[in-house]
């Protein structure tokens, strides 16, 4: 099993190319099941999660081909069997989102429940209730969702989500584009990935309006066609490298290809902490010269502070002057990185969904263990700021969401290498 070794204390300076958004790419891949034509996705991140979903799509009958220039072609000319087994779905939670497209196109589907997750239960009831509002008949049997559409196919309906859910909003969109009549989705998630999915679906011939707002209206169409689409830049990767640039005084990194408007809450927090954030010609430039100051954050649905940047920001606050309060309002169990950050010398106390970080701590390298994707990269950031060597174990978590992380950081002056145990 691989691990990452970091020798800290060196500021990051240079340029990092931002990849396509993992959280968007996965749903765009699922959208390929809605058409007999080929969907060609550019700026595709090469990640463990996209490979896992590619394997599932191939199992369902799609041709999946990686092309030069970070392109992926998916051609689901025919669905051989609308069955997504546990062994494939369990590897990556977003695989569950093939249910809606299969149901909309084939009229039936059997998909394994994704189960729990290291950062909380994350139930799928909102997904299933949305599909039922479109006329689906759903049964749960031995860990599988067995779904059937009426003989005439899914029909448009009104779905009011009781809470904001990115996954449920996207799943309802994927099913509703082929439903007959109009579907109205209320209390929708507003993340940029929602708008990216809508843009791709519309390029395939769908009629989706309002994506990025609380209410989305979809006029169902009889069929979709193939299309070419470029995945939106990854705002979480952008934010992660921005935080890394601020972790050591002297950092100055241009995040090429980043969409500045997607990370407003983070930019405000970084500027309060003492970093400088400015738009560059083709992205965002983040630099830090003086000391960091403690900043309080509360995670919140977009456009609030992203839960997927909470762990990274906590690592930054460990070396800031003063006490910062970090409140996690989205997921339970998302402070599992705290004990590992503490091993490096961070001073953090957790009370329920609230963590108090007191700094500046003198971080010193030590062996640490990743618990999930975002926690693992927070340990990398802490390692960049620590004295001596930090060894991050269980980095398969990192490979799920960060493309060529060591290469990108090394190009900016970090001493970071991957080792095989």
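Where a number appears in this text, it was derived from the coordinates with a stated rule and is not lab data. Everything quoted here is computed from the prediction, not taken from an experiment. Positions of Cβ are generated from backbone atoms using ideal geometry, with glycine treated the same way; all protein chains shown enter the neighbour counts.
Suppose the chain between residue 417 and residue 214 were pulled fully straight at 0.36 nm per residue; how much longer would it get relative to their current alpha carbon spacing? Walk me through the numbers before you get to the answer.
On the way: separation 203, 0.36 × 203 = 73.08 nm, distance 4.36 nm.
So the extension gain works out to 68.7 nm.
With respect to the chain, whose longest principal axis is taken over its alpha-carbon atoms, helix 166-176 is tilted by about 20°. Only beta bridges with both residues in region 333-421 are counted; by DSSP, about 55 percent of them are antiparallel.
Label zone (residue 356, point 7 Å along Cα-to-C-beta; backbone nitrogen cut-off 15 Å) within region 279-317: 295-297.
Counting other beta carbons within 10 Å of each residue's own, what order do 142, 415, 407 fall into, fewest first? Provide the component values of the computation, followed by the final result.
Working: 142 8, 415 15, 407 11.
Exposure proxy ranking, most exposed first: 142, 407, 415.
Of all beta bridges that DSSP places with both ends in region 22-230, some 70 percent have antiparallel geometry. Within the listed set 257, 322, 383, the residue fluctuating most in the Gaussian network model of the chain (springs between alpha-carbon atoms under 10 angstrom) is 322.
Got a sec? How would 313, 52 order by Cβ neighbour count within 10 Å, fewest to most?
Working: 313 28, 52 19.
Going from sparsest to densest Cβ surroundings: 52, 313.
The relative contact order of region 22-230, computed from alpha carbon pairs under 8 Å that lie at least 6 residues apart in sequence, is 21 percent.
Work out, step by step, the length gained on full extension between residue 404 and residue 66: first 0.36 nm times the residue separation, then minus their alpha carbon distance; give nm to one decimal. All intermediate terms of the calculation are to be shown ahead of the outcome.
Working: separation 338, 0.36 × 338 = 121.68 nm, distance 1.68 nm.
Contour length minus the Cα-Cα distance gives 120.0 nm.
Principal-axis analysis of the Cα atoms of the chain puts helix 264-273 at an angle of about 10° to the longest axis.
Taking a ≥ b ≥ c as the square roots of the eigenvalues of the Cα gyration tensor, region 22-230 is rounded, since a/c falls below 1.5.
What does DSSP give for the chain in terms of the percent of beta bridges that are antiparallel, rounded to the nearest 5?
Numbers: 59 of 84 bridges.
Rounded to the nearest five, the antiparallel share is 70 percent.
Could you give the distance between the Cα centres of region 322-370 and region 132-188, to the whole Å? If we compute the Cα centre of each part, the gap is 39 Å.
Listing 402, 161 from fewest to most neighbouring C-beta atoms within 10 Å gives 161, 402. Round to the nearest 10 and give me the degree value, 0 to 90, for the angle of helix 192-203's Cα axis relative to the longest principal axis of the chain. In the chain, helix 192-203 runs at an angle near 30 degrees to the longest axis.
What separates the Cα centres of region 243-294 and region 1-45 is a distance of 20 Å. The mean sequence separation of alpha-carbon pairs under 8 Å and at least six residues apart, normalised by the residue count of the chain, gives a relative contact order of 21 percent. For an R0 of 56 angstrom, estimate the FRET efficiency from the Cβ-Cβ distance between residue 148 and residue 272 and round to the nearest 0.05. E between residue 148 and residue 272, to the nearest 0.05, is 0.60.
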